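Q: Pasting a structure here, questions to come.
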């Protein structure tokens, strides 16, 4: 399973690695509820690196923090549109440069203190002033003020239509209590407003207990234990024999057989993650658009998806999954080896040519997919040399531009800006392939400040089509988010953004 | 042959080649082969190994499919007439990949042992023949190499030099150098003081002539045995390195890699791990049994017994 999310995967990996350097002592979090018997045991694949929501980039941490912290707004489970959470309502000024949020009353933190606007200002200022992981989400924010305890005003330097997504898409933008960073060791402790509080964490598991004064009503279970089981087959076995009641660590090859299984309940939804292949614009002949298009034409996405995910995925030639309101229905490439050969001829390159394809065993499905791609490209005259690296080397080579091509995934999140800006703007921080198209730059920049959702969607649509046509990324598929739980467990919903929310769960 | 030698108190008996020719007129190698043929285990092992080598040589003719031929509609199929060993998760024919993997395993095995044999024997010869400081220096270096667990040392070498078949050969080769050096040295120490060597030296034979004509041939039997046994371990080490992703790279077929890939499917596709595993077991077992047989045949004492009993 992936270890990171929300920040595009690769960056997240670097930061998570960096974070691992510090010897974070994990001690038991303070106080709180006694241990009842009605505890949900959840098997997750990895151990959280730390619990500071504003610092961590690890998906493993957010799996836990999702249940501990709240944000002003939150994506709903069905279509990921933004709903009230700690903010009850909000209004925007006519010039779109000022957003006013009215906060919920009667919310308390786990330590008993009252939640008010000062906590919001403190949390956002901490992210901005200390330049923490998600500071870039506040790029257009000029100021955050609290005119009274129930009101927060965010003023902007330019219209930001996706402000709600920026501040609510995930718990990296969580509200902590004022002064929390001084009062608590946020690396190992937490003081949120969520339904569960952080009780303890060690090398085997993280334990949460129910927060009785939760503003949404205390959960019916007594707590959650996240147990780390990295081997998917072991996690599944643990679920089968009742050791755990829930897991997201389901081996893809087992999904089909589990569907008819009475001992296991299966939930699956197409996620906002996308796998892609990227070619280096600084390395000939991959700087040639026809060569890239030849490769895009030679690849049969159905076969790649079948091999990599055993069908538990949706093939896609763009980034955003079908079903999202931002989906671009565009699939210009039909697998056709003759057409691919023709394109190579047209490009005037000599075949057979060699392409190094960098993958990492950290994400085994890329290794499987690469072998299928190698087999598909061989008959058109492209010898694929699969370079399997450990993730650290992989990241270093990507950063240095030392590759012909590589494969990996990003978790795109909700707003289309999260899918395209960083990767395809010529100045984008994750534009490792070196893509430069003034038209795309212009479209993406215009879309970022466009207030009318219809016009904005159209701008992203146009940009996406050019990106696909140029093969800045060769998009492959959106994997399914597959989770499994014990029969009889109710109140749980698999979400496309892979957030794991146990608030309403009831055990059998 | 008036008395049978008793184990433990054996007089330094000259090897058979030095016996008067009245004892046997057959060339030594034919006699060895004859004796080997009479040892059923060794004979069968040798035959199986010959078959494996033939498979490795004619792999592309024998394999029904190419190593990477895929057709996603037939992924993870159980063994059938069309695919006697079944198919893997990328729908490749496992029989073809096991056959094609033989070449990889044997090439790495043979070349690495050849490297170890040449370098190790040379070091052992020098150390054993010249003794004193030459012996001290060379054998202390060998001891240092020997102190590392074999696979760990191989992994370290590959980690430094990068993954790939060539480096795997080098790594496994280096690991086995000290073993050959030790075996050779021990054997040479025994031979060095033999009467025929001293006689030869007393009439003015050069060191080179002594080593090549008298010492090496008579010190050879344990080295030959060691070669066969080392081949078994080299094939196993190759599989281990491949399993860890340090040998041949995907999608090239290799038994260790196939085992590594099959781990996630062990509960759904037993054939995926069983057939590459059997290939490794069979090859390693045969090299080991052949080594045992060779030891029996080449050991002067045993040989005398066997030859005597066979008459």
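Since every read-out is calculated from the coordinates, none of them should be taken as a lab result. Keep in mind the model is a prediction, meaning the values are calculated, not measured. We place every Cβ from the backbone using ideal geometry, glycine too, and count neighbours over all the protein chains shown.
Q: What FRET efficiency comes out for the pair residue A:157/residue A:342, r = Cβ-Cβ distance, R0 = 51 Å, nearest 0.05? Please list the in-between numbers first.
A: Numbers: r = 49 Å, r/R0 = 0.97.
For residue A:157 and residue A:342, the calculated efficiency is 0.55.
Q: On to the next question. For the stretch B:102-159, would you read off the P(r) tail past 17 Å as a percentage of all alpha carbon pairs? Intermediate results must be reported in sequence, preceding the final value.
A: Details: 880 of 1653 pairs.
Counting pairs separated by more than 17 Å, the tail of P(r) holds 53 percent.
Q: What share of Cα pairs, in percent, lie more than 25 angstrom apart in chain B? Can you show the working numbers first?
A: Numbers: 27874 of 48205 pairs.
Cα-Cα pairs of chain B separated by over 25 Å account for 58 percent.
Q: Any chance you could give the angle, 0 to 90 degrees and rounded to 10, that helix B:270-298 forms with the longest Cα principal axis of chain B?
A: 10
Q: Among B:129, A:214, A:477, which comes first, then next, by fewest other beta-carbon atoms within 10 Å? Kindly include the intermediate steps, with their values, before the conclusion.
A: Details: B:129 22, A:214 19, A:477 27.
So the residues, fewest neighbours to most, are A:214, B:129, A:477.
Q: Sticking with this one: Taking beta carbons within 10 Å but only from partner chains, what does the mean come to for residues B:66-75?
A: What the average comes to for B:66-75 is 4.
Q: While we're looking at this one, here's another question. Over its Cα atoms, what ratio of radius of gyration to 2.2 N^0.38 Å does the stretch A:427-466 give? Don't jump to the answer; show the numbers that get you there.
A: Values: Rg = 10.7 Å, N = 40, 2.2 N^0.38 = 8.9 Å.
It is 1.20.
Q: A follow-up question, please. Taking N as the number of residues in the stretch A:31-168, what value does Rg over Cα atoms divided by 2.2 N^0.38 Å take?
A: 1.15
Q: Eigenvalues of the Cα gyration tensor times 5, then square-rooted: what semi-axes does that give for the stretch A:310-354, in whole angstrom, largest first? Please list the in-between numbers first.
A: On the way: eigenvalues 188, 34, 17 Å².
Taking √(5λ) for each Cα gyration eigenvalue gives 31, 13, 9 Å.
Q: Right, another one. How big is the gap, in Å, between the Cα center of the stretch A:98-160 and the Cα center of the stretch A:442-508?
A: One Cα centre to the other: 25 Å.
Q: Compute the orientation-averaged projected area for chain A from the convex hull of its Cα atoms and round it to one decimal in nm².
A: Details: hull surface 90.2 nm².
Orientation-averaged projected area of the Cα hull: 22.5 nm².
Q: Considering the Cα trace of the stretch A:274-481, what is its radius of gyration and what is Dmax, both in angstroms?
A: Over the stretch A:274-481's Cα set, Rg and Dmax evaluate to 16.3, 49 Å.
Q: Considering Cα pairs under 8 angstrom that are at least six residues apart, work out the relative contact order of the stretch A:365-508 and quote it in whole percent.
A: Values: 108 pairs, mean separation 17.6, N = 144.
Relative contact order for the stretch A:365-508 comes out at 12 percent.
Q: Moving on. Normalised by the residues of chain A, what does the relative contact order come to in percent, with Cα pairs under 8 Å and at least six apart? Write out the running numbers ahead of the final one.
A: Working: 1096 pairs, mean separation 98.7, N = 508.
Rounded, it is 19 percent for chain A.
Q: On a 0 to 90 degree scale, rounded to 10, what angle separates helix A:337-347 from the longest Cα axis of chain A?
A: That helix lies at roughly 80 degrees to the long axis.
Q: Hey, another quick one. May I ask you to order A:173-183, A:124-134 by the average number of other C-beta atoms within 10 Å around their residues, highest value first? Walk me through the numbers on the way to the answer.
A: Values: A:173-183: 20.1, A:124-134: 16.5.
Per-residue mean Cβ counts within 10 Å order the peptides as A:173-183, A:124-134.
Q: Rounded to the nearest 0.05, what FRET efficiency do residue A:458 and residue B:80 give with R0 = 51 Å and r taken as the Cβ-Cβ distance? Could you check? Before the final figure, lay out the partial values.
A: On the way: r = 53 Å, r/R0 = 1.04.
With a Förster radius of 51 Å, E is 0.45.
Q: Measuring from the lowest to the highest alpha carbon on each principal axis, how far does the stretch A:290-377 reach, largest first, in angstroms?
A: 40, 31, 17
Q: Can you pull the one-decimal nm distance between simple spin-label points at residue A:393 and residue B:209, each 7 Å off the Cα toward Cβ?
A: For the pair residue A:393/residue B:209, the computed spacing is 5.4 nm.
Q: Same structure, new question: Under 13 Å from the 7 Å Cα→Cβ point of residue B:53, by amide nitrogen: which residues of the stretch B:80-119?
A: Correct set: B:106-107, B:110-111.
Q: Per-residue mean of other chain beta-carbon atoms within 10 angstrom of the beta-carbon, peptide A:118-129?
A: Working: counts 0, 0, 0, 0, 0, 0, 0, 0, 0, 0, 0, 0.
Neighbouring Cβ atoms belonging to other protein chains average 0 per residue here.
Q: Test of understanding: ordering B:189, B:95 by Cβ neighbours within 10 Å, fewest first, what list do you get? Provide the component values of the computation, followed by the final result.
A: Values: B:189 16, B:95 21.
With the fewest neighbours first, B:189, B:95 line up as B:189, B:95.
Q: Right, something else. How much FRET efficiency would the formula 1/(1 + (r/R0)^6) give for residue A:88 and residue B:156, where r is the Cβ-Cβ distance and R0 is 60 Å, rounded to 0.05? Please list the in-between numbers first.
A: Values: r = 61 Å, r/R0 = 1.02.
E(calc), rounded to 0.05, equals 0.45.
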